[in-house]
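A.B. asks: Got a structure for you, written out below as structure tokens; questions coming shortly.
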Amino acid sequence: MRYFVSLVQNEWMKVNSKRQVPYYYAFITVISLLLAVVMRFFIFKDQPYSFISFTSDVHFVSSALTSIFIMVVSAQIITDEYKDGTIKQILIRPASRTMVLMSKLVNIVLILLVVYMVTLFIGLTLGAIFFNIIPADVKLMQIVSDMALSLPNVLFYALVAFTTAVLTHSLGLSITIPIILKWVLGSSIVFLSSKSWYKFLIFPNLDWKPYFTGDTLPFKGASFGYSITIYAIYMIVLLGISIVVFKKRDVQ
């Protein structure tokens, strides 16, 4: 266990040393600042607006950007090892290939959680500076809940990018495929919701919010337990493919 923790720490240092994560924090800060200026001085110039509402707006604007960013990180964490020639150095360590992959996946989850916390902090800070500290229709815990309920969706497409990177070593393909799945296929597949096999697809089972908010369910007879089961099956299959391929593939 101690060795696995050291692997996770090593991966964390490698990802942050390449500056993609710190640059993304700066990018979100700039986007949020521009949003605050526009809303404060143009949209709500003469109207009170709650800093909590602004924090919710920041989360809404940044959610798609964060999803793409995590796809990129998930792909690069594999493809960069082959591009930089460091994959051999990793595999000569006493850790198994499965442990190496799992340490990378743990880092992806940690990065996503930290990005969410940083986004929340930026929203609250800029909101308090530019807007009114007054009650709002949306509550802080609702924003946190929305972030938590978005995790399954973001992590699924991150694992798609990760698995594609293991299979192809191509950064372009590893980013393109999950983007197409999410915004092209995932958005259009709803037109097939009348089909009996629709409930077995991953797409309608990625949104867990209706089970907690009372919104319209993704398909007739949907339940939280069923969606979790389908989600777990798809995630285990993708993870299994990654592990099997990574363990058997020779490193040149």
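The values are calculated or read from the model by the stated rules, or taken from the named source; none is laboratory data. Predicted, not measured: the structure shown is a model, and the values here were computed from it. So basically every Cβ, Gly included, is an ideal-geometry build from the backbone, and we count neighbours across all protein chains shown. Side chains are part of the model used for accessible areas, which takes the heavy atoms of the whole protein and leaves out ligands, DNA and RNA. Shrake-Rupley method; radii C 1.70, N 1.55, O 1.52, S 1.80 Å.
A.B. asks: Quote the convex hull volume per residue of segment 55-188, based on C-alpha atoms, as a whole number of Å³.
C.D. replies: Working: hull volume 17.3 nm³, N = 134.
Dividing the Cα hull volume of segment 55-188 by its residue count gives 129 Å³.
A.B. asks: Among the chymotrypsin sites (Phe, Trp or Tyr not before Pro) in segment 123-202, which ones are in a DSSP loop with at most 10 other Cβ atoms within 10 Å of the Cβ? Mind listing them?
C.D. replies: Counting only loop positions with at most 10 other Cβ atoms within 10 Å, the chymotrypsin sites (Phe, Trp or Tyr not before Pro) in segment 123-202 are TRP197.
A.B. asks: Related question: Could you tell me how many cubic angstrom of Cα convex hull volume the chain has per residue?
C.D. replies: 151 Å³
A.B. asks: Hey, can you find the accessible area per residue of segment 139-252 for me, probe 1.4 Å, expressed in square angstrom?
C.D. replies: Working: 6200 Å² over 114 residues.
Here the per-residue accessible area is 54 Å².
A.B. asks: Here is a follow-up. Please identify the trypsin sites (Lys or Arg not before Pro) of segment 146-218 that satisfy two criteria: DSSP loop assignment and at most 13 other Cβ atoms within 10 Å. Which are they?
C.D. replies: LYS195
A.B. asks: A further question on this structure: Which distance in nm do the two modelled labels at LYS247 and LEU91 give, with both placed 7 Å along the Cα-to-Cβ direction?
C.D. replies: According to this spin-label approximation, the distance is 1.5 nm.
A.B. asks: Answer with one residue from SER194, LEU126, GLY85: the one whose Cα lies farthest towards the positive end of the charge dipole of the chain, charges on Cβ with Lys, Arg +1 and Asp, Glu -1.
C.D. replies: My answer, from the dipole projection, is GLY85.
A.B. asks: Would you mind getting me the FRET efficiency between ASP215 and ILE129? Use the beta-carbon distance for r and R0 = 35 Å, nearest 0.05.
C.D. replies: Efficiency computed from Cβ-Cβ geometry: 0.60.
A.B. asks: Go ahead and estimate [θ] at 222 nm for the chain from helices alone: -39,500 (n - 2.57) per DSSP H run with n ≥ 4, summed, over the residue count, rounded to 500.
C.D. replies: Helix-only estimate at 222 nm: -24000 deg cm²/dmol.
A.B. asks: Need one number: nm distance between label points at LEU65 and PHE121, each 7 Å from Cα along Cα→Cβ, rounded to one decimal.
C.D. replies: 1.7 nm
A.B. asks: What residue among MET71, ALA136, GLY240 has its Cα farthest toward the positive end of the dipole of the chain, where the charges are +1 on Lys, Arg and -1 on Asp, Glu, each on the Cβ?
C.D. replies: Going by the Cα projections, it comes out as GLY240.
A.B. asks: For segment 113-118, in order, what is each residue's ³J(HN,Hα) by Karplus, 6.51 cos²θ - 1.76 cosθ + 1.60 with θ = phi - 60°, in whole Hz (x at glycine and Pro)?
C.D. replies: Result, rounded to whole Hz: 4, 5, 4, 5, 5, 5.
A.B. asks: If you take the square roots of the eigenvalues of the alpha-carbon gyration tensor of segment 160-252 and sort them as a ≥ b ≥ c, do you get rounded (a/c under 1.5), prolate (a/b over b/c) or oblate?
C.D. replies: prolate
A.B. asks: Then there's this: Taking only pairs that are 8 or more places apart or on different chains, how many Lys pairs in the chain have Cα atoms under 25 angstrom apart?
C.D. replies: Qualifying lysine pairs in the chain: 28.
A.B. asks: When Lys and Arg each count +1 and Asp and Glu each count -1, what net charge do the other residues less than 15 Å away from LYS139, Cβ to Cβ, add up to?
C.D. replies: -3
A.B. asks: Could you look at segment 1-47 and say what percent of its accessible area is carbon and sulfur, using a 1.4 Å probe and all protein chains?
C.D. replies: 69 percent
A.B. asks: Enter the angle in degrees (range 0 to 90, nearest 10) between the Cα long axis of helix 20-38 and the first principal axis of the Cα atoms of the chain, meaning the one along which they spread out most.
C.D. replies: Taking Cα atoms only, the helix is inclined about 20 degrees.
A.B. asks: Another question, if that's okay. Using a 10 Å cut-off on Cβ atoms, rank the peptides 120-128, 209-217 from the highest mean neighbour count down.
C.D. replies: 120-128, 209-217
A.B. asks: Can you compute the charge dipole magnitude of the chain about its Cα centre, using +1 on each Lys and Arg Cβ and -1 on each Asp and Glu Cβ, nothing else charged? Give it in debye, rounded to the nearest 20.
C.D. replies: 740 debye
A.B. asks: Just to verify a number: FRET efficiency for SER196 and VAL114, C-beta to C-beta distance, R0 = 51 Å, to 0.05?
C.D. replies: Computed FRET efficiency for SER196 and VAL114: 0.80.
A.B. asks: Then there is this: For segment 56-99 and segment 146-217, write down the distance between their C-alpha centroids in whole Å.
C.D. replies: 18 Å
A.B. asks: Can you tell which of PHE51, ILE180, SER103 lies farthest toward the positive end of the dipole of segment 31-190, using +1 and -1 charges on the Cβ of basic and acidic side chains (Lys, Arg; Asp, Glu)?
C.D. replies: SER103
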